[in-house]
Amino acid sequence: MNKLFITPASHFTRKCRVTIIELGLEDRFEMVPTNWPHNWGTETTPYREDFLDASPIARIPALLAEDGLRLADSSTICEYLNDELGNFRLCPQSGRERWEILSVVSIATHGLMEAQVLRRAEMLRKREGSPNPEEFSGSFVRKMMDRQDRCYEYLDKICGDFRDEPDLGQIAVACACATSDFRFPEDDWRNPAPRLAKWYDTYAQRPSMQKTMQGETPR
């Protein structure tokens, strides 16, 4: 049995779980919950031994394949799922279309999703009544929000070219959009990206998205 270490709040984890469902691989995976206290962004926290064995990086998701292979990055995990277990159904094996899909993955993952988690980690450093005014960087949060805005505007321009069938790029984009709604409801990402918002509202109704709704991580 393959093991995927997860937590319900993680968009990186959700990306892998949606991919597993879209490929019809649910019966081949055990989902292993992990706990994350709110100081995860700035301090080393206790980790379960099997999680560290699967991922010395100590970031989720982490995959421990049934043959002993260990993967510790959501995009790499999703490519493994698609290539090795999914017969390339969510991304072609080669050619221009493959690189177009992976380009969308990179924008959604390293642009939007990383900006969201870095912003969240920085905001968790802001402690009420703290005597240290340098503990929290508002300018860093703004930098991440600016990155987010650029990515949303770019995706709004290209979402009309998305394939009719789901692929790795669309899964990453949908999980990023969902995280803005879940973690930063005060953001107005839909107004500057109306075409993307319309696409997402439809995509979010897919069973794979409905079965993997985000929630707060147990502490």
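Descriptive notes on the structure:
- Unique residue being open to solvent by 40 Å² or more (accessible area, probe 1.4 Å), within 22 Å of Ser74 (Cα to Cα) and modelled with pLDDT of 95 or more when the list is Lys198, Lys211: Lys211
Per-residue answers, yes or no, for (1) in contact with a helix residue (DSSP H, G or I) (Cβ under 6 Å, 6 or more places away or on another chain); (2) among the polar types (S, T, N, Q); (3) more than 22 Å from Leu23 (Cβ to Cβ):
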residue: Leu118; (1), (2), (3): yes, no, yes
residue: Ser139; (1), (2), (3): no, yes, yes
residue: Arg163; (1), (2), (3): no, no, no
residue: Ala178; (1), (2), (3): no, no, no
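- Selection status of Leu118, buried (at least 20 other Cβ atoms within 10 Å of the Cβ) and not basic (Lys, Arg): no
- For region 134-145, the criterion of being open to solvent by 80 Å² or more (accessible area, probe 1.4 Å), closer than 17 Å to Pro166 by Cβ and either small (Gly, Ala, Ser) or at pLDDT 90 or above (or both) is met by none of the residues.
The values are calculated or read from the model by the stated rules, or taken from the named source; none is laboratory data. These numbers come from a predicted model, not from an experiment. Cβ atoms come from the backbone with ideal geometry, glycine included; neighbour counts cover every protein chain shown. Keep in mind that these areas ignore ligands, DNA and RNA; they rest on the heavy atoms of the full protein, side chains included. Shrake-Rupley method; radii C 1.70, N 1.55, O 1.52, S 1.80 Å.
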